[in-house]
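The values are calculated or read from the model by the stated rules, or taken from the named source; none is laboratory data. The structure displayed is predicted, hence computed values, not measured ones. All Cβ positions, even for glycine, are placed from backbone atoms using ideal geometry, and neighbour counts span all protein chains on display. These area figures cover heavy atoms from the full protein model, side chains too; ligands, DNA and RNA do not enter into them. Shrake-Rupley method; radii C 1.70, N 1.55, O 1.52, S 1.80 Å.
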Amino acid sequence: MKRVGIISDTHSYWDDRYLEYFENCDEIWHAGDICSTQLAERLAAFRPFRAVCGNCDGGDLRLLYPEVLRFRCEEVDVLMKHIGGYPGHYDRSISRQIHAKPPHLFISGHSHILKVQYDTELGLLHINPGAAGIQGWQQQRTLVRLTIDGARFSDCEVVTLGGR
């Protein structure tokens with residue numbers, strides 16, 4: 001069983017509550033637009049860390065993190081990409097890959113719109129944790145926590161960090 005903290009679009013903004021809310025997590029996954037190697041290093045020093053680079057990430061972050069990441073967590077096939085869209089409207093940069101071999105869990109960021117949605121056509125769970133940083137138009141900063149036990153998802157929880 002793994003408890004996972006999912007975050008995106010920090011845009012270099014650090015909030016000490018990230019560590020508070022990820023205290024009970026086994027891993028942290030960042031869906032891009034980290035914008036700071038120091039922020040990534042702080043999260044990686046706290047818990048095992050996986051990330052993809054976003055459209056605002058440059059330089060060292062592009063060398064450290066891929067644009068697309070596919071991996072297994074427990075028995076779950078996970079696919080993560082910053083610009084990914086959502087069920088019924090996947091971004092063309094990832095749509096073919098999703099449809100050719102649907103993952104069990106697809107994580108994206110970019111839109112700053114919190115979304116936890118099941119894709120009934122492809123049989124996958126889609127999560128966009130919204131934006132945890134202060135840059136952007138979102139009214140509330142959010143992140144998501146999720147438990148993966150074997151092939152099962154449970155305890156999906158949205159954490160609101162407050163306004164930007």
Seminar exercise, completed: Percent antiparallel among DSSP beta bridges confined to the chain, nearest 5, equals 70 percent
Problem set entry | Candidate residues CYS25, CYS56: accessible-area rank, largest first, probe 1.4 Å | CYS56, CYS25
Problem set entry | Where labels lie 7 Å past Cα in the beta-carbon direction, separation of MET1 and ALA45 in nm | 3.1 nm
For this session: For region 61-164, give the magnitude of the charge dipole about the Cα centre (Cβ charges: +1 Lys/Arg, -1 Asp/Glu; no others), in debye to the nearest 20.
Result: 400 debye
For this session: In a Gaussian network model over the chain where Cα atoms closer than 10 Å are linked, find which of ARG141, ARG70, ARG152 has the largest mean-square fluctuation.
Result: ARG152
Exercise. Any idea how far the Cα center of region 107-164 sits from the one of region 1-30, in Å?
Worked result: 12 Å
Exercise. By how many nm would the segment from GLU20 to ILE113 grow when fully extended, if each residue of separation counts as 0.36 nm and the alpha-carbon distance is taken off?
Worked result: 31.2 nm
Problem set entry | Computed E for THR37/ASP91 - FRET, C-beta separation, R0 30 angstrom, nearest 0.05 | 0.70
Seminar exercise, completed: the chain, Gaussian network, Cα under 10 Å: of GLY54, GLY85, GLY109, the residue fluctuating most is GLY85
Exercise. Taking the Cα atoms of the chain, what is the range of coordinates along each of the three principal axes, in descending order and whole Å?
Worked result: 37, 32, 31
For this session: Calculate the spin-label point distance for GLU74 paired with CYS156, positioning each point 7 Å from the Cα along the beta-carbon direction, and give it in nanometres.
Result: 1.3 nm
Exercise. Most mobile of LEU39, LEU63, LEU124 per a Gaussian network model of the chain (Cα springs, under 10 Å)?
Worked result: LEU63
Problem set entry | Residue among TYR13, ILE98, PRO48 farthest towards the positive dipole end of the chain, charges placed on Cβ | ILE98
For this session: Ignoring everything but the protein chains, give the 1.4 Å probe accessible area of LYS115 in square angstrom, nearest 10.
Result: 60 Å²
For this session: Calculate for the chain the 222 nm mean residue ellipticity that helices alone would give, adding -39,500 (n - 2.57) per DSSP H run of length 4 or more and normalising by residue count, nearest 500 deg cm²/dmol.
Result: -4500 deg cm²/dmol
For this session: Just add up the charged neighbours of ASP57: K/R +1, D/E -1, any other residue whose Cβ is under 11 Å from the Cβ of ASP57.
Result: -3
